[in-house]
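Trainee: Handing you this structure, nothing more for now.
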Amino acid sequence: MAAYIQRHLTESGPCWQPFRVLATEQINPKALDGDIYNAIPTEKVDGTCCCITRHKGQPYLWARLDRKPNKQAEKRFKNFHRLGSSKEFIWNVEQDFKTVPDSWIPAAKMLQLNGNVQPDENGHIPGWVPVEKYSKQYCWHSSVVDYEAEVALVLRPESSEQNLLEITIVPLSDLLEQTVELIGTNVNANPYSLGSKKHPIHLLVSHGTIPVQNPPALNQKDLISWFQESKEGEIEGIVWHCTDGTLVKIHRHHLGLKWPLPDTYLSSHPVVINVDLSTFEHDFESKSSFTNFSKLNGQRFEHLKDIHFDNA
């Protein structure tokens with residue numbers, strides 16, 4: 001049976017594409033090679049991508065920062081694709097791209113040529129910058145980590161009960177070399193209705209940890225029906241994790257369906273708070289998210305979106 005799978009791109013496609021990216025009836029060959037029919041489907045969480053890797057000799061949270069072409073190079077890139085040339089666009093990486101901080105590193109597995117990391121098909125070089133403790137630009141990122149205690153605030157499934165989530169403290173060392181999603185009040189218009197302007201809430205979610213419940217069959221009719229009609233389908237998309245490491249992604253927009261939604265499946269989950277700071281010798285800052293969540297330690301909320309610090 002033909003599946004309705006398309007590898008994930010931005011909803012509007014690269015800047016030079018005058019069309020939206022939509023799924024097709026053809027399964028991507030890479031998905032077939034990865035044995036998608038036996039892959040594990042997980043929820044595509046709507047936030048901003050981050051990773052955990054070492055910096056200054058310890059595990060650090062890194063924010064996504066793509067190195068983008070300068071105006072002249074971007075103009076050449078657009079014109080090249082408008083002309084419909086069958087040849088490959090040639091970049092001069094040393095001259096065509098904007099500068100990035102000295103601490104910037106490229107994403108793993110990027111193609112290198114003559115010692116230079118090459119741009120992806122969108123003309124960007126994906127990469128990361130470390131999130132420093134008092135960073136203004138990445139203040140919401142920094143709110144979910146404490147480098148002195150070397151821990152992070154994480155949202156994940158709670159193992160004792162199906163559909164129950166927990167917010168807990170996880171050692172950054174346990175997350176090393178993983179990608180994670182930052183979600184919360186001030187990220188992507190807050191599709192999960194977390195916190196408030198006065199009392200924002202932000203959390204990390206490790207990629208691939210939120211399972212898709214009752215996943216649809218891999219065909220057009222069932223996928224669209226599942227996203228439109230089931231409670232479990234009130235999510236941004238699905239990421240299939242294949243045994244060989246291949247990731248196959250589909251977004252609601254690829255199916256012509258809208259996102260965000262008035263309510264989401266993730267925000268409707270019950271959640272328990274397991275943030276006990278008494279086990280740490282470190283003194284957490286009094287106004288930190290760690291301290292706020294510790295005041296709710298042991299409490300259960302019927303919906304993730306019901307958590308508020310107003311009375312904490």
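The values are calculated or read from the model by the stated rules, or taken from the named source; none is laboratory data. Predicted, not measured: the structure shown is a model, and the values here were computed from it. Every residue, glycine as well, gets a Cβ built from its backbone with ideal geometry; the counts of neighbours run over all protein chains shown. Heavy atoms of the whole protein, side chains included, go into the accessibility calculation; ligands, DNA and RNA do not. Shrake-Rupley method; radii C 1.70, N 1.55, O 1.52, S 1.80 Å.
Trainee: Explain nothing, just compute: Karplus ³J(HN,Hα) = 6.51 cos²θ - 1.76 cosθ + 1.60, θ = phi - 60°, for every residue of region 198-213 in order, whole Hz, x for Gly and Pro.
Mentor: My calculation for region 198-213 gives 6, 10, x, 10, 9, 8, 9, 10, 5, 4, x, 9, 9, x, 7, 8 Hz in order.
Trainee: For the chain, with a Gaussian network of springs between Cα atoms less than 10 Å apart, report the residue from Leu257, Leu113, Leu61 with the top mean-square fluctuation.
Mentor: Judging by the Gaussian network model, the answer is Leu113.
Trainee: Mind running the shape call on region 206-255? Use the C-alpha gyration tensor, a ≥ b ≥ c as the square roots of the eigenvalues: rounded below 1.5 for a/c, prolate if a/b tops b/c, oblate otherwise.
Mentor: Here region 206-255 falls in the prolate category.
Trainee: Report the residue, chosen from Arg76, Arg64, Arg54, that carries the largest GNM mean-square fluctuation when the chain is represented by alpha-carbon nodes joined by springs under 10 Å.
Mentor: Per the Cα network of the chain with a 10 Å cutoff, Arg76 tops the list.
Trainee: Roughly what % antiparallel, to the nearest 5, for the DSSP beta bridges in the chain?
Mentor: Just about 90 percent of them are antiparallel.
Trainee: For the Cα atoms of the chain, what angle does the longest principal axis make with the long axis of helix 220-229, in degrees from 0 to 90, nearest 10?
Mentor: Helix 220-229 and the main axis of the chain meet at about 30 degrees.
Trainee: Another one. In 5 Å bins starting at 0, how do the alpha-carbon pair distances of region 36-173 split up by percent?
Mentor: Calculated P(r), rounded to whole percents: 2, 8, 14, 15, 15, 13, 12, 10, 6, 4, 2, 0.
Trainee: Near the amide H of His269, under 5 Å away, which other amide H atoms are found, from residues 5 or more places off or on another chain, if H is placed in the peptide plane?
Mentor: Close amide H contacts, sequence-distant or interchain: Leu304.
Trainee: Read through the labelled values (1) 20.8, 69; (2) 24.9, 82; (3) 20.8, 64 and report the label of the one computed as Rg and Dmax of the Cα atoms in Å from the structure.
Mentor: (3)
Trainee: Just name one of Val212, Leu194, His251: the one whose Cα is farthest towards the positive end of the charge dipole of region 189-312 (beta-carbon charges, Lys/Arg +1, Asp/Glu -1).
Mentor: His251
Trainee: Treating only the Cβ of Lys, Arg, Asp and Glu as charged (+1, +1, -1, -1), what charge dipole size does the chain show about its Cα centre? Round to the nearest 20 debye.
Mentor: Its charge dipole is roughly 1400 debye.
Trainee: Assuming a ≥ b ≥ c are the square roots of the Cα gyration tensor eigenvalues, decide whether region 73-123 counts as rounded (a/c under 1.5), prolate (otherwise, with a/b larger than b/c) or oblate.
Mentor: Prolate, since a/c reaches 1.5 and a/b exceeds b/c.
Trainee: Can you pull out the trypsin sites (Lys or Arg not before Pro) in region 229-312 whose DSSP state is coil and whose Cβ has at most 13 other Cβ atoms within 10 Å?
Mentor: Here the sparse-neighbourhood loop sites are Lys231, Lys258, Lys287, Lys295.
Trainee: Let me ask something else. If each Cα of region 130-170 is one equal point scatterer, what is log10 of I(q)/I(0) from the Debye formula at q = 0.14, 0.22, 0.35 Å⁻¹?
Mentor: The Debye formula, applied to the Cα set alone, gives -0.41, -0.71, -1.13.
Trainee: Considering the chain as a Gaussian network with a 10 Å cut-off on Cα pairs, which listed residue, Leu296, Leu83, Leu277, attains the greatest mean-square fluctuation?
Mentor: Looking only at Leu296, Leu83, Leu277, the biggest GNM fluctuation is shown by Leu83.
Trainee: I need the shape label for region 163-312. Rule: rounded when a/c is under 1.5, else prolate if a/b > b/c, else oblate, with a, b, c from the alpha carbon gyration tensor.
Mentor: prolate
Trainee: Return the whole-Å distance between the Cα centroid of region 180-246 and the Cα centroid of region 68-145.
Mentor: Each part reduced to its Cα centre gives a spacing of 26 Å.
Trainee: Can you give the convex hull volume of the alpha carbon atoms of region 228-298 per residue, in Å³?
Mentor: Once divided by residue count, the hull of region 228-298 is 183 Å³.
Trainee: If exposed chymotrypsin sites (Phe, Trp or Tyr not before Pro) are those in a DSSP loop with at most 11 other Cβ within 10 Å, what is the longest stretch of the chain that has none?
Mentor: 135-312
Trainee: Helix-derived [θ] at 222 nm for the chain: sum -39500 (n - 2.57) over DSSP H runs of at least 4, divide by residue count, nearest 500?
Mentor: Counting only the DSSP helices, I get -3000 deg cm²/dmol.
Trainee: Here is a further query. May I ask you to give the percent of accessible area on region 86-155 that is carbon plus sulfur, with a probe radius of 1.4 Å?
Mentor: Here carbon and sulfur together make up 51 percent of the probe-accessible area.
Trainee: Using a 1.4 Å probe, what is the accessible area per residue for the chain, in Å²?
Mentor: In whole numbers, the chain has 53 Å² accessible per residue.
Trainee: Which value, in Å² and to the nearest 10, is the accessible area of His241 when all protein chains are kept and the probe is 1.4 Å?
Mentor: 50
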